[in-house]
Every structure is written in C-alpha cells, then in structure tokens.
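A.B. asks: My structure is below; once you've seen it, I'll send some questions.
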Amino acid sequence: MPEAPADLLAAWTVLLHRCGTDPDPAPAGRELLRRWSEPQRRYHTTGHLRAVLGHVDALAGHADDPDAVRLAAWFHDAVYRPERSENEERSAALAVRALTAAGLPAARVGEVARLVRLTVTHHPEPGDRDGEVLCDADLAMLGGPPQDYATYAAAVREEYAFVPAPDFRAGRAAVLRQLLALPALYRTPTAHARFDAAARANLTAELARLEAVG
C-alpha cells in the first residue's frame, strides 16, 4: 500500500483526539486511507475526500455538530464498489464499527452513520443542518468551472468502465435528472450562492450531451 497522505492522516488524528477517542487513531486512519486509495477509484479518491473536508470546514458555521459532519465525510465513500448498490449502507456500518471501537459515544456514532446514509439521496430534511453541510460539501464539485466538471464526469465514467456505453448513458442521465429535480441542490446559504447556478448549468449541459447521443 502506498504511504498514507500525511496531511489527511494528521487531520484524522486531530479530529479523533478532539472527539475524545481512547485508542491511537492512526491505525484506523491508515485503514480508511487505504480504502480511499483502492485501484477501482477514479473520482472517489483521497482527492475527493480532501475536497469534501475542505468544503465542510468552509461551511462548518452552519452545522450543529461540525465534527460529526467531518467524521461522516471521512466515511461517506469509505466503501466504494461501483458495481454494487449498497455502498452507503456498508460505509455507515463501517463507521459504526470503527468509531465504536475508538470509544466515541453511541449518540455521536449514530449521528455519523445517519449522515453517511443521507448521501444516498442528498436530500436532508428541513432543519437538518448537519445533513445540509455534508450534502452541500459532497455536491460542491458540481458547481465547479466547466473544465473541472468535465474532469469529474470523465472520472466517473472511468469508474463505470465495465458498464456498456448505452446503459451508462441511460443511468447517468437518470442521476442528472434526479439531481436537477431536487427542490434545492444546495441548502446552506453559502453553498447555494457559490455553486447553484454553475452546478445547474453543468448538469444541464451534460444531460443535453447524453441525450444528443441517444
């Protein structure tokens, strides 16, 4: 296994110490980073993890429990097999096992697992401030410059290289329509102002390209 990125391992260690962990958090952090570095990943990599954590930090003032959101960011794609549909549930279960073993209180562990499961739909209930921050951070890449969005979309296609092109286009178009149909792509005022217009333009443009191919 390649050496764990030092900045991410340090961030994990600081976070777990701040949350009151008993055991040394470094081994669990290395295991998480090993998962995030698996060869089948092209978009859901340590780069995505680093970006999501950065967006959580930027939106932390909106959260009720920013550290629970940070923990959920670490686990939200920790289990990622493109050919399987239960990744979020398995990631939530991993969070429960790892954080319980680290000695975190059951209530916070449960909140982290709940937040991880929210990334199935990215549709937090009104007033769910922690869910809003995590979902906005996870979807922030949709509102990037067109060239960055194109890089993201190409990486997603690489992760699903085993899917025939017509099937991928149909499935990807369904995902884009689902996102565009959300009552709001971003729930925090900061993320909405920064990303919403660009994200809708990027999603609409990709959907048009997919539909043009048929």
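The values are calculated or read from the model by the stated rules, or taken from the named source; none is laboratory data. The model shown is predicted, which means the values in this text are computed figures rather than measured ones. Reconstructed Cβ throughout: ideal geometry from the backbone, glycine too, with neighbour counts over all protein chains shown. Just the protein is used for accessible areas: all its heavy atoms, side chains included, with ligands, DNA and RNA removed. Shrake-Rupley method; radii C 1.70, N 1.55, O 1.52, S 1.80 Å.
A.B. asks: Exactly one of these conditions fails for residue 146: (1) surrounded by fewer than 18 Cβ atoms within 10 Å (Cβ to Cβ); (2) closer than 26 Å to residue 62 by Cα; (3) touching a residue at least 24 places away in the same chain (Cβ under 8 Å). Give me its number.
C.D. replies: (2)
A.B. asks: Looking at this structure, is residue 103 surrounded by fewer than 16 Cβ atoms within 10 Å (Cβ to Cβ) and at positive phi?
C.D. replies: Yes, satisfied.
A.B. asks: May I pose another question? Please work out if residue 117 is over 17 Å from residue 202 (Cα atoms), assigned to a helix (DSSP H, G or I) and open to solvent by 60 Å² or more (accessible area, probe 1.4 Å).
C.D. replies: Numbers: over 17 Å from residue 202 (Cα atoms): yes; assigned to a helix (DSSP H, G or I): yes; open to solvent by 60 Å² or more (accessible area, probe 1.4 Å): yes.
In short, yes.
A.B. asks: Which residue is farthest from residue 118 (Cα to Cα), if the candidates are limited to region 164-214 and must be of a type in the set (Ser, Thr, Tyr) and in a helix (DSSP H, G or I)?
C.D. replies: Here is the first cut: in region 164-214, the ones of a type in the set (Ser, Thr, Tyr) are 186, 188, 190, 204.
Next, only the ones that are in a helix (DSSP H, G or I) stay: 190, 204.
On the way: 190: 20, 204: 24 Å.
Across region 164-214, the extreme among qualifying residues is 204.
Rundown of residues vs (1) surrounded by 13 or more Cβ atoms within 10 Å (Cβ to Cβ); (2) farther than 24 Å from residue 191 by Cβ; (3) over 18 Å from the mean Cα position of the chain (by Cα); (4) polar (S, T, N, Q), yes/no style:
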site: 3; (1), (2), (3), (4): no, yes, yes, no
site: 11; (1), (2), (3), (4): yes, no, no, no
site: 28; (1), (2), (3), (4): yes, yes, yes, no
site: 32; (1), (2), (3), (4): yes, yes, no, no
site: 40; (1), (2), (3), (4): yes, yes, no, yes
site: 54; (1), (2), (3), (4): yes, no, no, no
site: 74; (1), (2), (3), (4): yes, no, no, no
site: 80; (1), (2), (3), (4): yes, no, no, no
site: 84; (1), (2), (3), (4): no, yes, no, no
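A.B. asks: What are the residues in region 149-166 that are surrounded by fewer than 20 Cβ atoms within 10 Å (Cβ to Cβ) and either hydroxyl-bearing (Ser, Thr, Tyr) or in contact with a Cys (Cβ under 9 Å, 6 or more places away or on another chain) (or both), if any?
C.D. replies: Passing the criteria: 151, 152, 160.
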